[in-house]
1. In terms of the Cα gyration tensor, with a ≥ b ≥ c the square roots of its eigenvalues, is region 128-235 rounded because a/c is under 1.5, prolate because a/b exceeds b/c, or oblate?
2. How far apart, in nm, are two points set 7 Å out from the Cα along the Cα-to-Cβ line at Q245 and at S124?
3. Taking a threshold of 27 Å on the Cα-Cα distance, which of the pairs K16/K170; K36/K170; K21/K183; K31/K262 fall above it?
4. When the Karplus curve 6.51 cos²θ - 1.76 cosθ + 1.60 is applied with θ = phi - 60°, which whole-Hz ³J(HN,Hα) does each residue of region 159-173 get, with x for Gly and Pro?
5. Gap in Å between the Cα centre of region 260-307 and the Cα centre of region 125-147?
6. Treating cross-link reach as a plain straight distance, find the aspartates and glutamates whose alpha-carbon is under 15 Å from the alpha-carbon of K82, omitting any fewer than eight places away in the same chain.
7. Considering only the chain, what is the antiparallel percent among its DSSP beta bridges, to the nearest 5?
8. For a Förster distance of 35 Å, can you work out the FRET efficiency between the beta-carbons of E112 and Y214, rounded to the nearest 0.05?
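Derivation of every value follows stated rules applied to the coordinates shown; laboratory data play no part. Fair warning: this is a prediction, and the values are worked out from it, not measured in the lab. Note that each Cβ is placed from the backbone with ideal geometry, even for glycine, and that neighbours are counted across all protein chains shown.
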Amino acid sequence: MHLAALHTPSQIQLNKAGNLKHFLTIEGLSKETLTKILDTALSFFNDQNQLITNNLLEGKTVMNLFFENSTRTRTTFEAAAKRLSANVLNIDIARSSTSKGETLRDTLWNLEAMAADIFVVRHSSSGAAHFIAKDVCPNVAIINAGDGRHAHPTQAMLDMLTIRRETNKKFEDMSIAIIGDIKHSRVARSDVAALQTLGCKDIRVIAPNTLLPYGFDDYSEDVRLFNKMEDGIKDCDVIITLRIQNERIDSPALSSQAEFYKMYGLNKERLAMAKPDCIVMHPGPMNRGVEIDSSIADGPQSVILKQVTNGIAVRMAVLALAMQGQLQEQGLIEAIAV
């Protein structure tokens, strides 16, 4: 799939005042909108860098609709919603009425009728969250928790928050490398889009040609391809390693785990080629000894666990902003005040 495919028009995600009412993809959103999400996320940390709890979503109901498994993402969304004092329902889609023949539309309409205010949706089909927001439940705030190979916008924003908090550098002054399975990674797509929107001018994609998406050459000059690991990470400020999906192993795209680690695994020798203060990130779950050596994953330059904490803050921000944007769109409040 082309990296730029499935763009969502900004008007679907934004209300008439230009504020967020759904969060479906990074594409189409402005630097101002992304910065507002990051600033709001930062406001949920106290002076001791601990997450706070408030009542911004008190009385609201958040439903986690995960048509595709992801314990980590669902749990952090649940933690975020509860820190905002929302009611949280985790719907077991595998045992829902859809498995009994009910259409997706009917299932969603029934859930909406149960006074749902926010749907957090994860689905294996690209564009599912967009379909729900546009054609099924436009008056419910829809948050995309990952759709097919298309987008994972909250993961991208927690990555951006982590970079902002841990480097103290401007995005336009940094060199950032993304390593691994770009072709099948919604995280890579969303990260590239967020970095470009925030002004990064040196985005390096490091991967074998078999793990690059169709149409990669059409991308902008801000994104450069490196087939050789050592060339791509030289003097980098940030390295983001991606999870290799096990179903790609022993396929034409990827011969073996050992071969991938030999060519593209992040180890001490390769990390030493980056800047001394380079940070290392990974969306998780990690395959140790495949994408990354344990000495790096657990080392002083790793901010992988900090990404998890930042993920709760970002998801708090997105839930709060989208809910208030929906209320503003429906004329129930006059202004956004987070």
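1. Numbers: a/c = 2.49, a/b = 1.48, b/c = 1.68.
Oblate, since a/c reaches 1.5 and b/c is not below a/b.
2. My value for the distance between the label points is 1.0 nm.
3. On the way: K16/K170 31 Å; K36/K170 16 Å; K21/K183 29 Å; K31/K262 38 Å.
Distance filter (> 27 Å) returns K16/K170; K21/K183; K31/K262.
4. Couplings: 5, 5, 5, 4, 4, 5, 6, 9, 10, 6, 10, 6, 4, 5, 9 Hz.
5. Here the answer is 34 Å between Cα centres.
6. Counting by Cα, and skipping residues close in sequence, K82 has these aspartates and glutamates nearby: E58, D117.
7. Working: 4 of 40 bridges.
Around 10 percent of the beta bridges assigned by DSSP in the chain are antiparallel ones.
8. On the way: r = 37 Å, r/R0 = 1.05.
With R0 = 35 Å, the Cβ-Cβ based efficiency is 0.45.
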